[in-house]
Amino acid sequence: MTTYNWDLIERLLHEVQNGAGHSFAPRTFAEDYAADKAAAGEPIENLDHLKTLACDYEKLLLDRGYITPREEDGSTGNNFSLTLRGSSLLSLIDSSIPGNDHPRQVLDEQEDALDEATFDTVASKAQIA
């Protein structure tokens, strides 16, 4: 069973959502994520591990259709936009939305929650949200 760091994925998806005109920098976003957790008094994982994980998640989100390269004029290919699947994932795991624990729990119960077919099936169920 594959497990994911939903908080880190949420951070990456928010950065994609707000990243028009900026290069996507997963290692920097992992540092910011760790700093925010530390400032909140929460324990943090090994920073090098988080940076590697963020890069792995970037590739996974791109390969599985959660994010896509921006098609704007002047795009350098290193910034992204959310796809419909990515927007759906963000809406399920967004910690600013009350009750996000249940969708994360349902996703955690899957063999691989970010497998495209698995995610599409789970996300289509009204009772998940």
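The values are calculated or read from the model by the stated rules, or taken from the named source; none is laboratory data. In this text the structure is predicted, and so the values were computed from the model without any measurement. For neighbour counting, all protein chains shown are included, and Cβ atoms are generated from backbone atoms with ideal geometry for every residue, glycine included.
Structural remarks
- Being over 26 Å from residue 111 (Cβ atoms) and of a type outside the set (Val, Ile, Thr) is a property that residue 5 lacks.
- Scanning segment 70-102 for residues that are modelled with pLDDT under 90 and assigned to a helix (DSSP H, G or I) yields a total of 2.
- Of all residues in segment 6-40 being among the hydroxyl-bearing types (Ser, Thr, Tyr) and surrounded by fewer than 19 Cβ atoms within 10 Å (Cβ to Cβ), the one that is nearest to residue 57 (Cα to Cα): 28
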